[in-house]
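Visitor: Before we start, here is the structure in question, set down as structure tokens.
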Amino acid sequence: MAQFVTSLVVLVSLAGSATTVAAGASSIAVPAASVGYDISFPQCGGNLPTGIGFGVVGVNDGRPLTVNPCLSTEIQWAASGLGTTPQFYVNTANPGPSNNPAWPTTQTFPQVCTGADSVACSYDFGWNAGSGSLTAVIAAETKLGATSPGTVAISAPWWLDVETGNSWQSLYTGAAPTAAQLVNDQAMIQGELDFLTGRGIHTVGIYSTSYQWGEIAGTTGKTFAAYDAWLPGYASLADAQAACSYPAFTGGRTAMIQYSSNALDGDYVCPLLAAPNAASVTVASSATFTDQLAVAGEQAPVAFVQSTGSPALVVSATGLVSTSGQLARGTYTATGTMSTNGITGAFSFTLSVGELVQVAPTTNTTSVTSSATFTDQLSVT
């Protein structure tokens, strides 16, 4: 898995319960479980860090339908972290049928493929790649003596590594790809995603950059918005934290950031962010008020635990906000934490009852010359 770092590398210590990140004049304490490393076949036999928060292990030997020769030992390393369930990433590619003995030729499921350079065969190739990777992980977990190797494999988060370093139809000529090439490459990616999620893996995301994703898959809009994005290319943990606010190339949630750490690929898990964080209601309607908190782009179920705000506001384990009955005029706030697959975050929800709340606009712009006659209308609920 390549990195794309152009600025100074800052080394980060993972010892102890938290990592302190310098950010200008202030310092930010980061939970140790939020920082880890990803490794694969290039790290075979090398010295690996200890005291990690979590580990992400590459399943393949650089290409789909191959196996990392150190998969078992690297899974063992990842299981030694605070997050004892390893995460996995798989290499992706869509080379087409030419000189490719792994290309499907007589496949009838999940799509009918007779060997053509087509959407159906690209999808099946991705499906088969996912199947091969899951089989490899189950075999490695069996070798390590896992009580239920299949359960361990599907309970872990998985990532598809989508990079221009592998063979893609959209990159064949060096010129602008055709629409058919882009659609074929999208189909390969979708086929592998569908196989993994179809086997019960709740969290499947995609590792890439906006540039590489665009070169390989083109403009995909919200087609892949259900999948978390893992962004590479950052020089330090502080930079990685800031990158959590950047948009995801999938159109979904930016969930993890890769950065340089101790000559390896370090990773930072972005905290969960829930919405909405505020609402308003009349006194009369407050008795039946409900709203649903959600984490945009997150596929796995999110568990909510309320800390403050009850009994006036009640937040259920699934994030449903309700009231204990009719509330008096005023402002009520509920706070707490949320988590899924070891990823955590904090939520805050404020309900204004029977009060005027400005909703729009909150900002506007005008030129210097037009400012003398500027007007705008505020709206309230």
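Visitor: In segment 69-90, which residues are without any contact (Cβ under 8 Å) to a residue 40 or more places away in the chain and over 22 Å from residue 256 (Cα atoms)?
Guide: Within segment 69-90, 69, 70, 73 qualify.
Visitor: Suppose we filter segment 59-92 for residues that are more than 14 Å from residue 140 (Cα to Cα), over 20 Å from the mean Cα position of the chain (by Cα) and among the hydrophobic types (A, V, I, L, M, F, W, C); how many remain?
Guide: Qualifying residue count, segment 59-92: 1.
Visitor: Scan segment 194-222 and report the pairs whose first residue is basic (Lys, Arg) and whose second residue is modelled with pLDDT of 95 or more and assigned to a helix (DSSP H, G or I), with Cβ atoms within less than 6 Å and a gap of 6+ or a chain change.
Guide: Matching pairs, first to second residue: 199/154.
Visitor: Here is a further query. Please verify whether residue 238 is out of contact with any Ser or Thr (no Cβ under 9 Å at 6 or more places or on another chain), within 25 Å of residue 57 (Cα to Cα), free of Cβ contacts under 8 Å to residues at least 12 places away in the same chain and not aromatic (Phe, Trp, Tyr), treating the condition exactly as stated.
Guide: No, not satisfied.
Visitor: Separate question: Name the pairs whose Cβ atoms lie under 6 Å apart, with the first residue in segment 113-136 and among the acidic types (Asp, Glu), the second buried (at least 19 other Cβ atoms within 10 Å of the Cβ) and in a loop (DSSP other than H, G, I, E, B), and 6 or more positions between them or separate chains?
Guide: So the pair list comes out as 117/96; 124/104.
Visitor: Taking the criterion of being among the hydrophobic types (A, V, I, L, M, F, W, C), surrounded by fewer than 17 Cβ atoms within 10 Å (Cβ to Cβ) and within 21 Å of residue 98 (Cβ to Cβ), would at least one residue in segment 121-142 satisfy it?
Guide: No, that holds for no residue.
Visitor: Being polar (S, T, N, Q) and crowded, with 22+ Cβ neighbours inside 10 Å is the filter here; which residues of segment 70-90 pass it?
Guide: Of everything in segment 70-90, just one residue is polar (S, T, N, Q) and crowded, with 22+ Cβ neighbours inside 10 Å, namely 87.
Visitor: Only one residue in 115, 130 is part of a loop (DSSP other than H, G, I, E, B) and at pLDDT 95 or above. Which one?
Guide: Answer to the selection: 115.
Visitor: Sticking with this one: Just one of 299, 306 is of a type outside the set (D, E, K, R), at pLDDT below 95 and under 30 Å from residue 36 (Cβ atoms); which is it?
Guide: Just a single option satisfies the conditions, and that option is 299.
Visitor: Among the residues of segment 244-279, which ones are of a type in the set (Gly, Ala, Ser) and surrounded by 19 or more Cβ atoms within 10 Å (Cβ to Cβ)?
Guide: Correct list: 248, 252, 255, 260, 261, 266, 274.
Visitor: Please find, within segment 240-274, the residue that is farthest from residue 313 (Cα to Cα) out of those that are of a type outside the set (S, T, N, Q) and over 17 Å from the mean Cα position of the chain (by Cα).
Guide: Checking each candidate, the answer is 263.
The values are calculated or read from the model by the stated rules, or taken from the named source; none is laboratory data. If you're wondering where the values come from, they're calculated on a predicted model, not measured in any experiment. Neighbour counts run over all protein chains shown; Cβ positions are idealised from the backbone, glycine included.
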